[in-house]
Amino acid sequence: MDGILRETAAVSLLARPTGKNPGTFSGVDLWLTNRDGRIAVVVPSFRVRKHILDVLSEMPAIVSRIYVVDDACPLETGKFVEEKCSDDRVRVIYHEKNQGVGGAVLTGYLTAIEEGMQVIVKIDGDGQMDPLLIPQFVNPILAGEADYTKGNRFFELERVSSMPRVRLFGNAMLSFMTKLSSGYWDIFDPANGYTAIHAKVAQQLPFLKISRRYFFETDLLFRINTLRAVVFDIPMTALYKDEESNLKVSHIVGEFMFKHLRNMFKRILYSYYLRDFSVASIQLPLGIAMFVFGVIFGTYKWIQSANADVPTPAGTVMLAAMPLIMGLQLLLAFLSHDVSAVPRRPIHKTLHGRA
């Protein structure tokens with residue numbers, strides 16, 4: 001791990017003196033009962049110089065370390081933070097080359113693990129994520145209820161109804177694809193970057209395989225599912241400011257679709273054939289085979305009858321319809337099993353690691 005850290009970042013220390021989750025505890029109460037809790041915050045930094053000092057100044061007292069990762073920022077945000085920020089919790093990490101938001105977050109994860117942090121929170125430096133919500137993201141993890149928490153901007157119906165329909169539709173489709181590829185059927189807003197993870201779980205991640213750029217949050221969910229980690233959605237409100245997104249939907253839709261399909265096939269292979277074998281492992285291939293046979297056979301016979309200008313025999317219709325219907329039923333049974341198989345038992349208590 002030290003080798004990976006040396007390859008991805010150079011750490012600069014600031015040593016100047018300084019002048020609603022479903023859990024049962026409030027942020028303050030839970031922190032008071034977990035004084036040994038070591039909470040770190042990772043702030044990827046690329047073109048966020050305008051807002052980053054405000055973000056750092058609002059970090060709650062429960063945070064032990066703040067890692068600002070300068071991802072080869074052309075505005076030299078890292079140096080700006082070193083010059084202007086007097087918070088001795090802040091550490092600035094520099095990338096020589098831009099690695100994307102995923103690369104910056106993973107560098108922060110590695111640093112936090114090396115320094116023995118317990119929970120690692122990730123928020124953006126553009127001011128759209130309220131640092132005062134950190135206790136809500138950390139509470140389920142410290143309480144042993146979750147391994148990973150993420151924000152959900154679509155929880156409040158009043159705010160959702162006021163959003164453009166195109167945006168709602170896009171997020172719904174993205175969420176559905178993420179459910180298929182990650183296996184977490186009970187979450188929404190998968191691209192939300194406000195997250196928290198237990199360090200022991202982060203330590204198990206395949207750092208060199210995770211997507212580094214815009215697909216990072218979604219790919220991370222897939223990787224976490226392979227560990228059978230528990231994920232919670234945390235209701236939140238985004239604080240939209242004047243920052244412009246570098247994400248161009250038209251440029252990434254094809255890439256996202258391919259990666260979602262790839263992750264879906266990998267997850268099914270890992271979960272139903274390599275790690276375990278159940279009735280669902282039989283339902284899926286049998287359902288696909290019967291459904292495809294019904295479609296191909298029925299289409300072929302329909303074309304054949306149409307060309308001959310004769311009615312299709314009832315027996316032929318039944319021979320095509322029965323496997324199609326049975327195949328669809330088997331696929332729905334597999335889907336029901338997959339939905340019910342969402343991880344429910346946190347794994348960080350059973351893992352060995354620094355935290």
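The values are calculated or read from the model by the stated rules, or taken from the named source; none is laboratory data. Just so it is clear, the model here is predicted, and its values are computed rather than measured. Here the Cβ positions follow ideal geometry from the backbone for every residue, glycine too, while neighbour counts run over all protein chains shown. Heavy atoms of the whole protein, side chains included, go into the accessibility calculation; ligands, DNA and RNA do not. Shrake-Rupley method; radii C 1.70, N 1.55, O 1.52, S 1.80 Å.
Using the Cβ-Cβ distance between VAL317 and GLU145 with R0 set to 51 Å, the FRET efficiency works out to roughly 0.45. When PHE80, PHE232 are compared by accessible area of protein heavy atoms, the largest-first order is PHE232, PHE80, using a 1.4 Å probe. Sketch the reach of a paramagnetic label on LYS301 as a point 7 Å from Cα along Cα-to-Cβ, and name the residues of segment 318-352 whose backbone nitrogen lies under 14 Å away. Residues passing the 14 Å test: 318-326. Computed extension length for LYS349-GLU255: 30.3 nm, one decimal, from 0.36 nm per residue of separation with the Cα-Cα distance subtracted. Calculate the FRET efficiency for ASP87 and PHE265 from the Cβ-Cβ distance with a Förster distance of 35 Å, rounded to the nearest 0.05. So the FRET efficiency works out to roughly 0.15. Computed from the Kirkwood radius of its Cα pairs, the Stokes-Einstein diffusion coefficient for segment 48-198 at 10 °C and 1.306 mPa s stands at 94 µm²/s. Net length available on complete extension from GLU114 to PHE176 is 18.8 nm, with 0.36 nm assigned per residue and the Cα-Cα distance removed.
Enclosing the Cα atoms of segment 44-93 in their convex hull gives a volume equal to 64 cubic angstrom per residue. A simple spin-label model places pseudo-atoms 7 Å from Cα toward Cβ; at ILE288 and SER336 they are separated by 2.1 nm.
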